[in-house]
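Working notes for the structure below.
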Amino acid sequence: FEPPVENESFGFIVTAFAMLGVCVVLSAAWRGVQIWIATRRLVQSWIVGAEPITIGSGRVPACAVASEFPILAVVGVFRPRLIVARSVMSACTSDEMAAILAHEQGHIDRQDNLHRVLLSIAPDVVSWLPAASRLFDDWRHAAEEAADDDATRMDWSRRHSLASALVKVARLPTAPLPKHLAPASTFYCGGGIA
């Protein structure tokens, strides 16, 4: 007895799709590992000579670092920590720092770093198209606007402090933002501040 040819074709198609699925998942895992390694190296380079600091409520561990870029970021997914360039701390007033911290707390509360990693490693056909970077940029802008809303809570004086801090920080850069900073929510990314 010979099985029908149609079943052989179906089995081949199922096997091909299974192999494609495995390749897509392995590709996502590889991207995740690359992101983790690059971010870990970058954070370790900042941590050398870092000074533990207490900012705001102190709910998130924070440290002041020497950095050519005025970094102010929540780094990490499961144990987030705040990395603040000393230049940012010296440039901003206490009201501006409070607004910045409320902004970063918004990222922590919504787990934006986890979402950022998941979007970066998502096995998706769209990631092979130019639209993928536009989708990621749109998500990033929406996350920043949501964090701004969290920071200001319709308080106009806090909005002024946040805007003032953003302008001050945008004027500080002397180096580009490091590329590999995926599981991090940065206050200023080196682009436009509109």
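The values are calculated or read from the model by the stated rules, or taken from the named source; none is laboratory data. Being a predicted model, the structure only gives us computed values, none of them experimental. Counting neighbours? That spans all protein chains shown, and the Cβs are built from the backbone with ideal geometry, glycine included. To get the accessible areas, we keep the full protein, side chains included, count just its heavy atoms, and leave off ligands, DNA and RNA. Shrake-Rupley method; radii C 1.70, N 1.55, O 1.52, S 1.80 Å.
Ordering of 75-83, 36-44 by packing is 75-83, 36-44, highest average first (other Cβ atoms within 10 Å, averaged per residue). Rounded to the nearest whole Hz, the Karplus-based 3J(HN,Hα) values (6.51 cos²θ - 1.76 cosθ + 1.60, θ = phi - 60°) of the stretch 100-107 follow the sequence 4, 5, 5, 4, 5, 4, x, 4, with x at glycine and proline. A straight line joining the Cα centroids of the stretch 24-63 and the stretch 65-125 runs 10 Å.
Rounded to the nearest whole Å², what accessible area per residue is found for the stretch 18-147 with the 1.4 Å probe? Walk me through the intermediate numbers first.
Numbers: 7370 Å² over 130 residues.
I get 57 Å² per residue for this part.
Near the amide H of SER67, within less than 5 Å, lie the amide hydrogens of ARG86, SER87, all on another chain or at least 5 residues away, with H placed in the peptide plane.
Over the stretch 10-153, with every protein chain in place, what whole percent of the accessible area is carbon and sulfur at 1.4 Å, could you tell me? Within the stretch 10-153, the accessible surface is 65 percent carbon and sulfur.
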